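Colleague: Dropping a structure here in structure tokens format, bear with me for questions.
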2 protein chains.
Amino acid sequence: MGGFGFQLLGVDGRARRGRLTTSRGEVETPAFMPVGTAGAVKAVTPEELRECGADIVLCNTYHLYLRPGHEVVAELGGLHRFMSWDGPILTDSGGFQAFSMAELRELDDRGVTFRSHLDGSMHLLTPAKSMEIQSALGSDIAMVFDECPALPAPREAVAEAVDRTTRWARECREHYRGPGVVFGIVQGGTWPDLRERSARELIDLDFPGYAVGGTNVGEPREEIARIAALTAEMLPHDRPRYLMGIGRPEDLVDAVAAGVDMFDCVMPTRNARNGTLFTSRGKINIKQRRYLNDPRPVEEDCRCHACRKYSRGYLRHLFLAREILGSRLNTIHNLTHYLDLMARMREAISAGRFEAFLEGFRSALPRGTPRREGIGIDPANDQPDAPCFELLSRSRHRSPASSPVSCMTTMWGWRRRATALASRRKRSTK
Amino acid sequence: MGGFGFQLLGVDGRARRGRLTTSRGEVETPAFMPVGTAGAVKAVTPEELRECGADIVLCNTYHLYLRPGHEVVAELGGLHRFMSWDGPILTDSGGFQAFSMAELRELDDRGVTFRSHLDGSMHLLTPAKSMEIQSALGSDIAMVFDECPALPAPREAVAEAVDRTTRWARECREHYRGPGVVFGIVQGGTWPDLRERSARELIDLDFPGYAVGGTNVGEPREEIARIAALTAEMLPHDRPRYLMGIGRPEDLVDAVAAGVDMFDCVMPTRNARNGTLFTSRGKINIKQRRYLNDPRPVEEDCRCHACRKYSRGYLRHLFLAREILGSRLNTIHNLTHYLDLMARMREAISAGRFEAFLEGFRSALPRGTPRREGIGIDPANDQPDAPCFELLSRSRHRSPASSPVSCMTTMWGWRRRATALASRRKRSTK
């Protein structure tokens, strides 16, 4: 089991302070994992990630499988050596991206057949294949291959996804050969009883950690936080809980308050490249003219390299001049902001003053900052590349006419067709 | 004079070992200046520049004047503070870019009137204005505002440019108010006697340093090295000599052998972003399939961060995945390669074994590497963004149909029109 462990160091209300142990080092929780999609956290080096405060990074199986290929990464010494990051790595299963990014995809009980968005080649991703890829990459925490239906969806479709997710989770456990561990993923959409069934079935399989999946895939925004809290409650106290693909700083705070331990999101890195910078008093858009000759750092008491060395005026200039250095410095600031937020939460929980932290955090945000409009999606961000998920913005890039909603509608349309096909097949084989 | 000085520490043949002193620190010569066009050497931080071995950087007056504006830079504490580089900065005069990048431009005895390529606003750049801008930026070495005619050009046009360059050089001296010093620029095209006249007239004005200008602007390629060597000979021994905008590693070596002390070129940084990496055995194009699973660094004994930490396979992957980190690591490698080459030349000159260095350098290059096909332009680079000058590739970006040659033709057509207009005006005022 690759020296994996989880220690619950303390609780404060529902908020938890813990420590993951892996053969690549420890991860203090609650933890935020910067996203290194294709084997690089965009614009920054591993040394800079450490300086920002990262203990662990997430990489995407789908991207690395297609390019350069998991065998190539293995030949080059595995993902850690490939990207020169010696800390723990969590990889997702590839299923979510195969559902959402590939041009053509078909789901059946075996897995997902899809056409690569890079070269048009056809691929079949199955639970066994996903485990093989994640093993070849050498990830410390692999994720089970799950079915993540787009919402809104009829209850039967979500129930069926729960069934399939459990079956596939079992297959994943059987096929996984290390070097790390595998986490289960709870599905069930917005139905508490389906969430509960999914959680129970996965707990029976005894995974060393559990993720809350299937949030932020089209359901009404206020549902996401509710579901995350609800699902966290169902999971065993002695295992880490990971809310996938979430979100804004206020979403992380809410989810930690609900008992979640781990997070990942492209928001700090992607928004940085779009010029949106996080501060404890809300976001600033660095391209605004008011920063033209502003000599102040992004945030006065921020310890990051960008704030120690550069003015808002310079960062604005770099953004407008499309200088790569601008993306770098903005990324360093946003990651430091996220990772310092996690550190402050850990301290508050350890000290038994998380409630006070919550109040301080919320009162520092500008009035009118909506707190529940949706974890992970940021409607106030006016950049074309803003939504949190790779899924949404990539789909939009391919087809300017589509929106996150229509992308989800398409996903759901496909899901419905697949379900119909599957039941027809079932009927014909009876 | 801003504490400026130049010390000739030794010579070996015509090659010179020297040291520039400025109030911002010393520069060991022969020196290569990385180009930080808009107040940032693309993709890298000042800390990384130091680690690569840079003593001094070059920034472009034209770019910084248009965006964010020299007054803004001054308000933010000057260019050094703006970009967080505490070493010496050399700025060009802005004339070359105004001639070549702006949409509409007209030359007369006052200066260049041009339309900004950014927002269409009209500007008049004069010798006095160029000095004002470079003073506001706070550069340690400012360059005179010169006329740089595109070649081929009739002798009369080049002679006229020499006259105007001398007149403008005098104006620059009169208007410059510090904080640094101003270098003169020798024009004269490919005519030795015009070069000599230009050099003599500028020497009479007693500049603390001299540049060889007007090379690599359309003349036959073999001419560039000849002109550089010829002009270097005409310049005073106790002043630094700067060959502007040149070039490939082999061009730097040839020019150092001819007695040149200072260089700048976008080639190491631009080619890096295009995936072309310099090694002592010639260039490699990192996107080639042969590097797919190559575990070796770009160059075995290179001390740079990219070579110490990453494989060719990873750098190829980053390039194909268009990761910003790829541009960063490639830039760090190429700059280190250039700056280490300068350091090796300095050592060789100091030790009196520059001839042996030359032989070793040339024999390490792959057979058939053309040595004189043109300083600064690299015909073997198959990237769309390859030529050395901002001028060439920017023009090409704006108009896909044009090429470096047609861009030069256009420049020349404009120059011819301007000359015709000027002589008509002269005639009419007689």
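The values are calculated or read from the model by the stated rules, or taken from the named source; none is laboratory data. Since the structure is predicted, the reported quantities are computational estimates derived from the model, not experimental observations. Reconstructed Cβ throughout: ideal geometry from the backbone, glycine too, with neighbour counts over all protein chains shown. Side chains included, ligands, DNA and RNA excluded: accessible areas come from the protein's heavy atoms. Shrake-Rupley method; radii C 1.70, N 1.55, O 1.52, S 1.80 Å.
Colleague: Taking B:Glu147 and the conditions (1) surrounded by 24 or more Cβ atoms within 10 Å (Cβ to Cβ); (2) under 21 Å from B:Met262 (Cβ atoms); (3) of a type outside the set (A, V, I, L, M, F, W, C), which numbered condition does it fall short on, given that it satisfies the others?
Modeller: It fails just one condition, (2).
Colleague: I'd like to know if region A:362-369 contains one or more residues that are under 20 Å from B:Thr45 (Cα atoms), touching a Lys or Arg at 6+ places or on another chain (Cβ under 9 Å) and open to solvent by 10 Å² or more (accessible area, probe 1.4 Å). Don't jump to the end; show me each part of the working.
Modeller: Residues of region A:362-369 that are under 20 Å from B:Thr45 (Cα atoms), as a first pass: none.
No, the conditions are met nowhere in region A:362-369.
Colleague: Residue pairs, Cβ under 7 Å, 6 or more apart or interchain, first in region B:160-173 and touching a residue at least 24 places away in the same chain (Cβ under 8 Å), second open to solvent by 10 Å² or more (accessible area, probe 1.4 Å) and assigned to a helix (DSSP H, G or I). List them.
Modeller: Within 7 Å, the pairs are B:Glu160/B:Thr419; B:Val162/B:Arg197; B:Thr166/B:Glu201; B:Glu171/B:Ala128.
Colleague: Give just the number: which of (1) over 18 Å from A:Ser130 (Cα atoms); (2) surrounded by fewer than 18 Cβ atoms within 10 Å (Cβ to Cβ) does A:Arg173 not satisfy?
Modeller: (1)
Colleague: Quick test for you: out of A:Thr190, A:Thr165, pick the one residue that is in a loop (DSSP other than H, G, I, E, B), within 20 Å of the chain's Cα centre (by Cα) and either farther than 22 Å from A:Leu66 by Cβ or among the aliphatic types (A, V, I, L, M) (or both). Before the answer, list the steps.
Modeller: Numbers: A:Thr165 fails: in a loop (DSSP other than H, G, I, E, B).
Of A:Thr190, A:Thr165, the one residue that is in a loop (DSSP other than H, G, I, E, B), within 20 Å of the chain's Cα centre (by Cα) and either farther than 22 Å from A:Leu66 by Cβ or among the aliphatic types (A, V, I, L, M) (or both) is A:Thr190.
Colleague: Identify all residues within region A:28-45 that are within 16 Å of A:Leu341 (Cβ to Cβ) and assigned to a strand (DSSP E or B); write none if there are none.
Modeller: Residues of region A:28-45 within 16 Å of A:Leu341 (Cβ to Cβ): A:28-34.
Correct list: A:Glu28, A:Thr29, A:Ala31, A:Phe32, A:Met33.
Colleague: Listed residues A:Thr215, A:Thr231; which is of a type in the set (S, T, N, Q), outside any helix (DSSP H, G or I) and touching a strand residue (DSSP E or B) at 6+ places or on another chain (Cβ under 9 Å)?
Modeller: On the way: A:Thr231 fails: outside any helix (DSSP H, G or I).
After applying the criteria, what remains is A:Thr215.
Colleague: Then there's this: Which one is farthest from the other protein chains (Cβ to nearest Cβ) among residues in region A:262-294 that are closer than 30 Å to A:Thr21 by Cβ and out of contact with any strand residue (DSSP E or B) (no Cβ under 8 Å at 6 or more places or on another chain)? Step through it out loud before you land on a result.
Modeller: First pass over region A:262-294, keeping only residues closer than 30 Å to A:Thr21 by Cβ: A:262-269, A:278.
With the extra rule that they be out of contact with any strand residue (DSSP E or B) (no Cβ under 8 Å at 6 or more places or on another chain), the set shrinks to A:267, A:278.
Details: A:Met267: 17, A:Phe278: 19 Å.
Of everything passing the filter in region A:262-294, A:Phe278 is farthest from the other protein chains (Cβ to nearest Cβ).
Colleague: Also, quick follow-up: May I ask you to list pairs of residues, at least six apart or on different chains, whose Cβ atoms are under 7 Å apart, with the first in region A:253-275 being under 20 Å from A:Leu329 (Cα atoms) and the second being of a type in the set (Phe, Trp, Tyr)?
Modeller: That search, which allows pairs on different chains as well, returns A:Pro268/A:Phe278; A:Pro268/A:Tyr338; A:Gly275/A:Phe319.
Colleague: Among B:Leu235, B:Leu205, which is surrounded by 21 or more Cβ atoms within 10 Å (Cβ to Cβ) and farther than 29 Å from B:Ser363 by Cβ? So that I can check it myself, show each step before the final result.
Modeller: On the way: B:Leu205 fails: surrounded by 21 or more Cβ atoms within 10 Å (Cβ to Cβ).
Just one listed residue meets the conditions, B:Leu235.
Colleague: Looking at the structure I just gave you, is A:Leu315 under 30 Å from B:Leu329 (Cβ atoms) and free of Cβ contacts under 8 Å to residues at least 24 places away in the same chain? Walk me through it before giving the result.
Modeller: Working: under 30 Å from B:Leu329 (Cβ atoms): yes; free of Cβ contacts under 8 Å to residues at least 24 places away in the same chain: no.
So A:Leu315 does not fit the description; no.
Colleague: Let me ask another. Only one of (1) out of contact with any Asp or Glu (no Cβ under 9 Å at 6 or more places or on another chain); (2) touching a residue at least 12 places away in the same chain (Cβ under 8 Å) is not met by B:Glu47, so which one is it?
Modeller: Here B:Glu47 clears every test but (2).
Every residue, every condition in (1) away from chain B (no Cβ under 14 Å); (2) closer than 14 Å to A:Arg281 by Cα, yes or no:
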position	(1), (2)
A:Ala321	no, no
A:Ile324	no, no
A:Arg328	no, no
A:Asn334	yes, yes
A:Leu339	yes, no
A:Arg353	yes, no
A:Ala356	yes, no
A:Gly360	yes, yes
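Colleague: Out of everything in region A:328-370 that is assigned to a helix (DSSP H, G or I) and charged (D, E, K, R), what residue ends up being nearest to the chain's Cα centre (by Cα)? Please lay out each step first, then the result.
Modeller: Going through region A:328-370, the residues assigned to a helix (DSSP H, G or I) turn out to be A:328-350, A:354-364.
Then keep just the ones that are charged (D, E, K, R); that gives A:328, A:340, A:344, A:346-347, A:355, A:359, A:362.
Details: A:Arg328: 21, A:Asp340: 18, A:Arg344: 21, A:Arg346: 20, A:Glu347: 23, A:Glu355: 26, A:Glu359: 26, A:Arg362: 23 Å.
Step by step, filter region A:328-370, then rank; the result is A:Asp340.
Colleague: Moving on. Suppose we filter region A:152-162 for residues that are open to solvent by 10 Å² or more (accessible area, probe 1.4 Å) and either assigned to a loop (DSSP other than H, G, I, E, B) or touching an Asp or Glu at 6+ places or on another chain (Cβ under 7 Å) (or both); how many remain? Don't jump to the end; show me each part of the working.
Modeller: Step one: of region A:152-162, the residues open to solvent by 10 Å² or more (accessible area, probe 1.4 Å) are A:152-156, A:159-160.
Filter again for either assigned to a loop (DSSP other than H, G, I, E, B) or touching an Asp or Glu at 6+ places or on another chain (Cβ under 7 Å) (or both), leaving A:152-154.
Of the residues in that region, 3 qualify.
Colleague: Okay, moving on. Tally up the residues in region B:36-55 that are away from every other protein chain (no Cβ under 13 Å) and touching a strand residue (DSSP E or B) at 6+ places or on another chain (Cβ under 7 Å), please.
Modeller: 1
Colleague: Let me ask another. Which residues, counting only those in region A:308-319, are open to solvent by less than 10 Å² (accessible area, probe 1.4 Å) and more than 7 Å from every other protein chain (Cβ to nearest Cβ)?
Modeller: A:Leu315
Colleague: Failed condition for A:Glu219, given (1) crowded, with 24+ Cβ neighbours inside 10 Å; (2) over 22 Å from A:Gly360 (Cα atoms); (3) at pLDDT below 95, with all others met?
Modeller: (1)
Colleague: Here is a further query. Consider B:Thr29 carefully, then state whether it is open to solvent by less than 10 Å² (accessible area, probe 1.4 Å), closer than 20 Å to B:Glu132 by Cβ, in contact with a strand residue (DSSP E or B) (Cβ under 8 Å, 6 or more places away or on another chain) and more than 11 Å from chain A (Cβ to nearest Cβ).
Modeller: Values: open to solvent by less than 10 Å² (accessible area, probe 1.4 Å): yes; closer than 20 Å to B:Glu132 by Cβ: no; in contact with a strand residue (DSSP E or B) (Cβ under 8 Å, 6 or more places away or on another chain): yes; more than 11 Å from chain A (Cβ to nearest Cβ): yes.
No.
Colleague: Now, a different point. Among the helices (runs of 4 or more DSSP H) contained in region A:56-127, which hold 3 or more residues that are open to solvent by 30 Å² or more (accessible area, probe 1.4 Å) and either within 11 Å of another protein chain (Cβ to nearest Cβ) or at negative phi (or both)?
Modeller: Values: elements: A:61-66, A:70-75, A:79-83, A:95-101.
Fully inside region A:56-127 and qualifying: A:70-75.
Colleague: Could you figure out which of (1) more than 10 Å from chain A (Cβ to nearest Cβ); (2) in contact with a Ser or Thr (Cβ under 7 Å, 6 or more places away or on another chain) isn't true of B:Arg344?
Modeller: (2)
Colleague: Within region A:183-202, track down each residue that is open to solvent by 10 Å² or more (accessible area, probe 1.4 Å) and in contact with a helix residue (DSSP H, G or I) (Cβ under 8 Å, 6 or more places away or on another chain).
Modeller: Going through region A:183-202, the residues open to solvent by 10 Å² or more (accessible area, probe 1.4 Å) turn out to be A:190-193, A:196-197, A:200-201.
Passing the criteria: A:Thr190, A:Trp191, A:Pro192, A:Glu196, A:Arg197, A:Arg200, A:Glu201.
Colleague: Can you find, within region B:289-307, the residue that is nearest to A:Leu49 (Cα to Cα) among those that are open to solvent by 30 Å² or more (accessible area, probe 1.4 Å) and of a type in the set (D, E, K, R)?
Modeller: B:Arg303
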